[in-house]
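Only one structure is covered here, and it is reproduced in the block below.
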Amino acid sequence: MTSDHAAPGGLLPLSDGPAVSRLGFGAMQLPGAGAWGPPEDPAAARAVLRRAVELGVTHIDTSDFYGPHVANDLIREALHPYPDNLVIATKVGVVRDEWRGWNPAATPAELREQVEENLSRLGRARLDLVYLRVGGDGLLFPDETPFLESFATLVELRERGLIRHLGLSGATTAQLAEARELAAVAAVQNRFHLLDRGSSDVLAACEEHGIAFVPYFPLSAGMLRPGLDTSQAPPGMAPTREQELTLDDVAGRHGASRAQVILAWLLSRSPVTFAIPGTSSVAHLEENVAATGLRLTEDDIARLDKLA
């Protein structure tokens, strides 16, 4: 198995912006447990970010509600001044409460404040890509603010030069269509992984319109790695024993890990698909990036397709 660290997974253009690596990095695991508070070892978290860039990753996914503030602060500390080809995507529409909850916050005033906070924390004059976190995939209760009113606020901020590209997170096909009536949508970030294909219709819509599809939880929030206690995992997040055996058989024949097989399968699903696995470990980061050199056979893909 080989890996092209110059451009992990190849390059995919984001509208009129720079081409970004299809294998990116998700920053959600850099803060403390539950994306809350600082990490136990901030220096190690910064080392992961620097190593990602060294390996050719040019796409980092973050949000100011990771921590809150912690992920963005670590990114700035580790990487600023940023490489010219680095695309940093962030999400708005959610705030954390004192009980570590995730609460919708998508009024025009709230969104403007969140965009300004992301700009300040990241040390940027303009955000590369901003997703409106909609919550249509069931992870959040939809906000009371009308969806189009929220998206229109981000369109306004883009027109003011504070945002380059707009995206949606947790969106339905109907919401994607409504948003495209107002402005171009560069990317959609929905939950999608080997065991959860619930957003296949959204992926199909992205393919039709040339929109990047960026699955979050590509490794099922780590539940697909071996050796983890998955007894308390939500339904559909942890593999069954039969699914594990299939994964391990495919991985063994390629001399690869489960994570590498899963990421290679994900990138093979569609030419518009990105992957943004997150980790706080340099070793896991290097393992994930190396997945771009794994070439699954048609038989491998057929067997993995049947696991959902």
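Laboratory data are not the source of any read-out in this text; all were calculated from the coordinates shown. All figures in this text were calculated on a predicted structure; none of them were measured in a lab. Backbone-built Cβ (ideal geometry, glycine too); neighbour counts: all protein chains shown.
What the table shows:
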quantity	calculated
Helix axis angle, 70-79 relative to the chain longest principal axis, alpha carbon, degrees	80 degrees
Mean separation of Cα contacts under 8 Å (6+ apart) over length of the chain, as relative contact order %	20 percent
Rounded if a/c under 1.5, otherwise prolate or oblate - segment 164-210, Cα gyration tensor axes	prolate
Label point distance in nm, residue 303-residue 242, each placed 7 Å from Cα along Cα→Cβ	1.5 nm
Structure-based [θ]222 nm, the chain - -39500 (n - 2.57) summed over DSSP H runs of at least 4, per residue, nearest 500	-11500 deg cm²/dmol
Rel. contact order, % - alpha carbon contacts under 8 angstrom, at least six apart, segment 84-210	22 percent
Residue-by-residue Karplus 3J(HN,Hα) for segment 50-56, coefficients 6.51, -1.76, 1.60, Hz, glycine and proline x	5, 5, 4, 5, 4, 7, x
Ratio Rg/Rh [Cα only; Rh per Kirkwood] for the chain	0.94
Packing-based ranking, highest mean first, of 34-46, 283-295 given that Cβ atoms within 10 Å are counted	283-295, 34-46
DSSP beta bridges in segment 90-215 [antiparallel fraction, %, rounded to 5]	20 percent
The chain: angle of helix 147-159 to the longest principal axis, Cα-based, in degrees nearest 10	80 degrees
Segment 76-181: GluC sites (Glu not before Pro) in DSSP loop, at most 15 other beta carbons within 10 Å	98, 144
Taking N as its residue count, the alpha carbon Rg of segment 57-157 over 2.2 N^0.38 Å	1.07
Shape category assigned to segment 77-213 from the gyration tensor of Cα positions, a/c cut at 1.5	rounded
Nearest 10 degrees, 0 to 90: helix 200-209 Cα axis against the chain principal axis	70 degrees
